[in-house]
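Computed from the coordinates by the stated procedures, all read-outs in this text should not be read as laboratory data. Bear in mind the structure is a predicted one, so any value in this text is a computation, not a measurement. Here Cβ is always computed from backbone atoms with ideal geometry, including for glycine, and neighbour counts include all displayed protein chains.
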Amino acid sequence: MSELASDTAMVMAAGMGKRMRPLTASQPKPMVRVAGKPLIDHTLDRLAEAGVAKAVVNVHYLADALEAHLAPRRAPVITISDERAELMETGGGMIKALPHLPDPFFCLNSDNIWLDGPRNAFRELSDRWDPETMDALLLVVPHARAVNFDGMGDFHLDPMGRITRRKSGRIAPFIYTGIQIVSHRLLRDAPTGKFGTMLLWDRAIGEGRLYGLPFTGLWFEVGAPQAIRPTETMLTGG
């Protein structure tokens, strides 16, 4: 069996969850239950199944509740990156957590639900990962494999897998799943304070070092309350 590219993942769990209101009025979005368990447990369970030993979880909104929920977990081993004082956004969150993150590391959103295809998503990414040519490798999914998604897509891929962004007014064939492998090289010379990952991705696109890997499984968009029931139906078969 092939080795994973990293034994550590950063799990983004600090957001305000505004699109998931009113369910997030009294609980952080990662605690919203889908098919019998909190969203973040779906994510962490998949990391444990894949053999990812450690997870760095950032917290901000209703952080005490999330920390208390995570405290008993042993697989993966949890480290908290505390953003209570200031929400750092995705890019700033990675920079703040960097002392806990090896090179490279997996990074994924805490509200991800997916069903693997023939192979585990983290092994698929690991087998494709090439630190000599890539600053980041994003797991992307075609529209046909993106359940509940009704947007215009995010990216195009060239024959080598290099990413370009969707042009305004156009449809792009691939959607970002929220799962990626990140090299420390992507994070070099980063701004201080809060900022989004797109800033770093755009630089990597310009250098030809941002790549995408089409996912062979099913990915579920679970960003709003109305997406929960159809997701549960597909996951449980009823």
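Brief remarks on what is shown
- Sorted by Cβ density within 10 Å, fewest first, the residues H143, H42: H143, H42
- When each full DSSP H helix of the chain is screened for a Cα extent of at least 15 Å along its own axis and an average Kyte-Doolittle hydropathy of at least 0.0, the helices passing are 39-50.
- Of N109, M20, A146, farthest towards positive along the dipole that unit charges on Lys, Arg, Asp, Glu beta carbons give the chain: M20
- Across region 1-154, Cα-Cα pairs more than 29 Å apart make up 16 percent of the total.
- Part-to-part distance (alpha-carbon centres) for region 65-80 and region 1-28, which is given in Å: 12
- Residue-normalised convex hull volume from the C-alpha trace of region 166-230: 158 Å³ per residue.
- Each residue, E49 and H69, gets one label point 7 Å from its Cα in the Cβ direction; the gap between the two is 1.9 nm.
- Region 8-236, dipole about Cα centre (Lys/Arg Cβ +1, Asp/Glu Cβ -1), debye to the nearest 20: 360
- When both bridge partners sit in region 8-236, DSSP labels roughly 50% of those beta bridges antiparallel.
- Surface/4 of the Cα convex hull for region 92-146, nm²: 5.1
- Rounded to the nearest 20, the size of the Cβ-charge dipole of region 174-229 about its Cα centre is 100 debye, with Lys and Arg at +1 and Asp and Glu at -1.
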